[in-house]
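Step one of this worksheet: look at the structure below.
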Amino acid sequence: MILALETSCDDTCAAVVDGPRVLSNVVSSQAALHAQFGGVVPEVASRHHLELVNPVVDAALQGAGCGLQDIDAIAVTTHPGLIGALLVGVNSAKSLAAATRKPLIAVDHLHGHFAAALLGPDPLEPPFLGLIASGGHTLLASVPDPAYYEVIGRTLDDAAGEALDKAARLLGLGYPGGPAIQREAEGGDPEAFPFPVAMIQGGGLDFSFSGLKTALVYTVRDLAAGEVEARRADLAASYQAAVVAQLIAKLDRALKGGSWDAVALGGGVAANAHLRARAGALCERRSVRLKLVSLDLCTDNAAMIGSAARYLTPVDYPGYLDWDAAATARPPRSKVSPPGRA
Ligand code: KG4
Ligand code: ZN
């Protein structure tokens with residue numbers, strides 16, 4: 001059994017996994033706290049992780065019906081993320097592991113998003129093509145085995161979730177923006193505003209969302225007073241459709257360029273109903289299996305970190321005492337768990 005911790009952004013998460021089985025998956029979201037600022041304030045996130053991490057770990061153990069003595073190894077996200085937020089998880093995990101002389105496993109957050117697809121029920125077996133779309137990242141990757149992923153396309157500017165969060169703020173829909181845009185879009189016409197879908201002709205497998213955001217800024221600026229409110233549902237639906245259209249276009253291009261049997265979606269934006277529906281239709285058309293993880297495994301959680309950790313080599317005490325956190329992505333390259341140094 002693995003106890004996993006995840007504190008890379010604004011969710012304080014702990015989980016217990018036993019093979020592909022999730023025994024508990026506790027997420028204490030700080031979203032309401034950051035909503036007043038319209039986005040995550042890193043220093044505020046770190047302070048709240050400090051307050052929440054011990055109760056969240058206790059709740060995860062209690063939810064799994066076990067104690068620390070039953071845990072074989074502890075896993076923690078060491079990169080990438082907000083450095084102060086990561087440090088809380090890394091130091092808590094090191095302390096828990098050192099005090100009980102248990103092994104520690106360093107996990108790459110993005111590897112965790114892919115590894116969510118390897119959890120039950122009905123776990124996916126690599127190789128597969130993975131699309132991660134979250135608040136901090138948007139990338140396509142080849143996942144040839146459970147311990148490794150290779151990036152084949154990434155955003156050149158904003159992440160898809162960031163584009164949704166910024167649009168929601170502009171439309172007065174609050175934070176986090178993705179779910180708010182989805183709710184508002186339900187009553188709108190996705191074809192009402194012809195927002196640009198970037199990089200459709202070129203750009204290989206890379207993404208770009210900054211032009212779309214600018215297009216929304218100009219559209220809102222040019223609407224008459226009161227019209228933004230009256231047409232908010234149409235704006236949300238059209239904007240959401242443009243974000244999803246680009247994700248789907250690149251997924252399709254990657255499918256056409258390779259010989260894939262399966263696709264997995266991950267990251268917070270993968271919770272989006274419109275994206276899930278369009279990915280379903282695309283994979284059906286291309287006759288590939290689509291693995292859609294449950295909504296609580298799309299957004300940040302520690303079960304996915306525990307899942308990735310299953311395939312990495314634990315480091316015994318005291319080998320991890322000098323481990324650190326790193327803000328940048330560094331995919332696992334081998335089955336040896338890398339220490340989280342920058
Ligand atoms: O994976 P995640 O929880 O954290 C990061 O690693 O960034 O993703 C958070 C992002 C936010 O931008 C949020 O607005 C977006 O995922 N999101 C959604 C939905 N739920 C969360 N975007 C679209 N539709 C949703 N239902
Ligand atoms: Zn994430």
Notebook entry, point to check: Counting pairs of Cα atoms in the chain, how many percent are more than 31 Å apart?
Noted result: 32
Item checked: Whole-Å semi-axes of segment 50-122's equivalent ellipsoid (Cα gyration tensor) -> 19, 18, 13
Note to self: Cut-off under 18 Å on the C-alpha distance; same-chain residues fewer than 8 positions from residue 291 excluded. Which aspartates and glutamates are left, in chain and number order?
What the structure shows: 122, 125, 145, 252, 261, 300
Notebook entry, point to check: What fraction, in whole percent, of alpha-carbon pairs in segment 27-67 exceed 15 Å separation?
Noted result: 48
Next item on the list: State the Cα centre-to-centre distance between segment 205-240 and segment 40-54 in whole Å.
Entry: 32
Checklist line | Principal axes of segment 210-342: Cα extent on each, largest first, Å | finding: 64, 38, 26
Checklist line | Built amide H within the under 5 Å cut-off of residue 207, gap 5+ | finding: 154, 155, 156
Margin query: Under the rule a/c < 1.5 gives rounded, and otherwise a/b versus b/c splits prolate from oblate, where does segment 144-232 land using the Cα gyration tensor?
Written below: prolate
Checklist line | Computed magnitude of the charge dipole of segment 3-92 (debye, nearest 20; Cβ of K, R +1, Cβ of D, E -1) | finding: 100
Notebook entry, point to check: Got the relative contact order for the chain handy, in percent, Cα pairs under 8 Å and 6 or more residues apart?
Noted result: 25
Note to self: Using each residue's phi in segment 225-232, evaluate 6.51 cos²θ - 1.76 cosθ + 1.60 at θ = phi - 60° and report the 3J(HN,Hα) Karplus result to the nearest Hz, with x for Gly and Pro.
What the structure shows: 4, x, 6, 4, 5, 5, 10, 4
Next item on the list: Output the peptides 270-277, 236-243, 191-198 sorted from most to least packed, where packing is the average of other Cβ atoms within 10 Å over each peptide's residues.
Entry: 236-243, 270-277, 191-198
Check: What does the charge dipole of segment 127-295 about its Cα centre add up to, to the nearest 20 debye, if the Cβ of each Lys and Arg holds +1 and the Cβ of each Asp and Glu holds -1?
Finding: 280
Notebook entry, point to check: Could you list log10 I(q)/I(0) for segment 221-268 at q = 0.13 Å⁻¹, which the Debye formula gives when each Cα is one point scatterer?
Noted result: -0.50
Item checked: Inverse mean reciprocal Cα-Cα distance (Kirkwood Rh) of segment 180-249, Å -> 12.5
Notebook entry, point to check: Mind checking the alpha-carbon convex hull of segment 1-98 and giving the volume per residue in Å³?
Noted result: 90
Note to self: Output needed for segment 127-295: three equivalent-ellipsoid semi-axes, defined as square roots of 5 times the C-alpha gyration tensor eigenvalues, in descending order, whole Å.
What the structure shows: 29, 15, 14
Item checked: Alpha-carbon Rg with Dmax, taken over segment 84-219, Å -> 18.8, 60
Notebook entry, point to check: So what are the ³J(HN,Hα) numbers for segment 129-143, from phi and the Karplus equation (6.51, -1.76, 1.60; θ = phi - 60°), rounded to whole Hz, Gly and Pro as x?
Noted result: 9, x, 10, 10, 10, 9, x, x, 9, 9, 8, 10, 9, 8, 10
Checklist line | Within the chain: Cβ-based charge dipole about Cα centre, in debye rounded to nearest 20 (Lys, Arg +1; Asp, Glu -1) | finding: 580
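Read-outs: derived from the displayed coordinates by stated rules, not from any lab. Every value quoted in this text rests on a predicted model; they were computed, and no experiment measured them. In this analysis, Cβ positions are derived from the backbone assuming ideal geometry, glycine residues included, and neighbour counts consider all displayed protein chains.
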